[in-house]
1. Scan segment 62-121 for residues that are assigned to a helix (DSSP H, G or I), within 18 Å of residue 137 (Cα to Cα) and either among the acidic types (Asp, Glu) or touching a strand residue (DSSP E or B) at 6+ places or on another chain (Cβ under 8 Å) (or both) and jot them down.
2. Tell me, yes or no, whether segment 179-189 has at least one residue that is surrounded by 20 or more Cβ atoms within 10 Å (Cβ to Cβ), touching a Gly at 6+ places or on another chain (Cβ under 6 Å), modelled with pLDDT of 95 or more and over 28 Å from residue 30 (Cα atoms).
3. Look at residue 290 and say whether it is touching a His at 6+ places or on another chain (Cβ under 9 Å), free of Cβ contacts under 8 Å to residues at least 60 places away in the same chain and assigned by the TED database to the domain that holds residue 320.
4. I want to confirm something. Restricting to segment 9-58 and keeping residues that are of a type in the set (D, E, K, R) and touching a Lys or Arg at 6+ places or on another chain (Cβ under 6 Å), which single residue is farthest from residue 98 (Cα to Cα)?
5. From the list 356, 328, exactly one residue is closer than 23 Å to residue 518 by Cα and in contact with a Gly (Cβ under 7 Å, 6 or more places away or on another chain). Which is it?
6. Tell me, which residue of segment 520-540 that is closer than 14 Å to residue 460 by Cα and small (Gly, Ala, Ser) is surrounded by the fewest Cβ atoms within 10 Å (Cβ to Cβ)?
7. Working only within segment 463-516, note down all residues that are closer than 11 Å to residue 453 by Cβ and of a type in the set (Asp, Glu).
8. Are any residues in segment 70-91 loosely packed, with under 12 Cβ neighbours inside 10 Å and within 18 Å of residue 177 (Cα to Cα), and if so, which ones?
Amino acid sequence: MLKKLRLEQTKKYELAIAANLVSTMLTSFVSGRSHSLSIGSEQGGVEKWDDLVIELSTDHYQHIQIKRQNSSFCTPGFKPVRDNYTSGPRQGMLRDLSPLDESMHKLGAYLLDPAVATQRLKRSFSILIPDLRIDIKEGLSLKELYELCQTQIKVTTTSAGLQALEQASPTAKKIFDWLRTWCGFVDHAHILNALRVFEVRQCFGENEIDADTKRELSTCFSKPTDVLRVLVSFIDENSSFTSAVTPRPLLFDLLSYLLPSTVSWTQFRKDEGGWNVSGIHDRRFGFIEHPSSIVPTLWGPPGAGILKYYSKDHSSGPLPKAIIRLLLHIQPAAVAHVSDKSAWSIVAKNLVGETLGISEDDCEALHVQDDSDCYVSSDKRVLEKLRDSEAEAELLSIEMHKKSWELIGNHILRKLEKLPSSELRDAVEDRWQLWKDELDKDIDKQKLLCQSMLHPKAEGEDISAELRFGPKTTSMVADGILLLMVVVICIGDKDSNWDTIDTQLTISVKALSHWSGPFGQTRRVRKITEDGVSALIGKEPSKILVLSRIDASSSTVLQESLIDDTDFAGSMASPRQPILLVTNNPTVNRLIRQGIIADIKEYLNGKLKKSLAARNLTENE
């Protein structure tokens, strides 16, 4: 009965320690910090050192012996130097090894294996015990072994130094005698190799350990006592030769306890083996960090997530490019951690011409931190092949577009709600529903419409309209679509759509207020109406051009275009100009708010007829 009770107490102690170590791994994982990759038992390849085996990293394992020992490890009379029994049936035979002796003997034998010295894998060994005031042998305590390891075993320690220490310190001599005669160590070099990877650690009793575990769990979970109970049950059920505990599956069992304040995170990491993805944005079992879980959190309210991006090569390949877009539009409550931020920023800025089209400072106030503290998680999704990373980039792009398109719809509805009730508002609302129904069926049409608004053709193909399109620019795009609908309603008919008024008139919108200037010139962020505007207008092929973020009159913009165009000295009816240029000037804005379609028709058709007449006159001269 007493033996069974001791076994039960030992198991409770082992589970308490295991739960404590697992809780640290779990909370570090949940918080997005470096953590142990896995914790298992009865595995690891070193005999007697398998109570717990912790995979600290891909090339470092920690082997733990748990000793719930409250009395001496040795029989009374057993000295640090091993000798023979002096009486009884085993007289003349060597005295029996204690469990501690056996553990150290196996450690010594493992280190004598020539293959160990050439292994890339690093192993460390720990003995965890409630009390250090326990004798290893008569006259030699664990506390003395602990103190020797702490004070004497350094990076600079040599075997000759240990030999000198043995001569100078009676305690050191007892420790080395024990290791040589009881544990099979052959010399000081062998002892030094062992003590460099060995430690004794005091862990107190179950109550103290459980209290510490609950404190750790409370940083991420409510009801830490209940969480500990679930955690212990999970460990007990999953402790076998074939399994080890990793943090992500355990988190699924504890989601109901996760604190609402927990910040979700995703890490994209590139190494020699390709890309891998880990994190806790996606809390569905069976898939790790699907883009459909990442994008809505980082791009939508409350947007309080973290994106970690680590790559030595900040190239503009498909996946890095998709991640750049994700970071360019990350919401204010979210933050990104990027390795070598300065190199990443250069690539990102070049891809968008240093502006999203909003202002000169679009790329200067990003929520991006320089952070090289990358770590490996065992719970990861590996993108080994190029096709895998390309597929991931495509999924991210689709989700980012879906979120952006959703935001545009929301913006348009809110903007319509702010307009006074009028026939124009009713007509715009009806036209939007008509267009939306058609556009919802074809994502490529959505992309073409929205991205074209953010990229003047004069900028050149090295500027990415796709990267400019996201939550930070959806309000601009929505404004562009609204003004586009007003023009189409007032100039066209029910069959006119977002790019064609009729067979003779095409239409397009530029929704930016800033751009990076004409292709071939030095890139510089500027307002659309500043130098280079002639190139911008002249490269647009549509007959009607809408500049929805410009509040200057169309005549002012066209005049600036002529002044800017040093290659042309003709009239305002130049073929390089659109037949009709529409801006969001005070007159247009006033007419829209008044909401009388006939008045807007008269205004726009008047300008259109005047422009056509001037063009015909020029052609006849």
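The values are calculated or read from the model by the stated rules, or taken from the named source; none is laboratory data. None of the values given here were measured: they were computed from a predicted structure. Note that each Cβ is placed from the backbone with ideal geometry, even for glycine, and that neighbours are counted across all protein chains shown.
1. 100, 101, 102, 103
2. Within segment 179-189, the first condition is being surrounded by 20 or more Cβ atoms within 10 Å (Cβ to Cβ), and the residues that meet it are 179, 182-183, 185, 188.
Checking the rest, the ones that are also touching a Gly at 6+ places or on another chain (Cβ under 6 Å) come to 183, 185.
Next, from what is left, pick out any that are modelled with pLDDT of 95 or more: 183, 185.
Adding the requirement that they be over 28 Å from residue 30 (Cα atoms) leaves 183, 185.
The answer is yes, given that some residue of segment 179-189 is surrounded by 20 or more Cβ atoms within 10 Å (Cβ to Cβ), touching a Gly at 6+ places or on another chain (Cβ under 6 Å), modelled with pLDDT of 95 or more and over 28 Å from residue 30 (Cα atoms).
3. The answer is no for residue 290.
4. Among those residues, the one meeting the criterion is 47.
5. When all the criteria are applied, what remains is 328.
6. For segment 520-540, the residue satisfying everything is 520.
7. Listed by number, the list holds a single entry, 479.
8. If the condition is that a residue be loosely packed, with under 12 Cβ neighbours inside 10 Å and within 18 Å of residue 177 (Cα to Cα), then 75, 76, 77, 83, 84 are the ones that fit.
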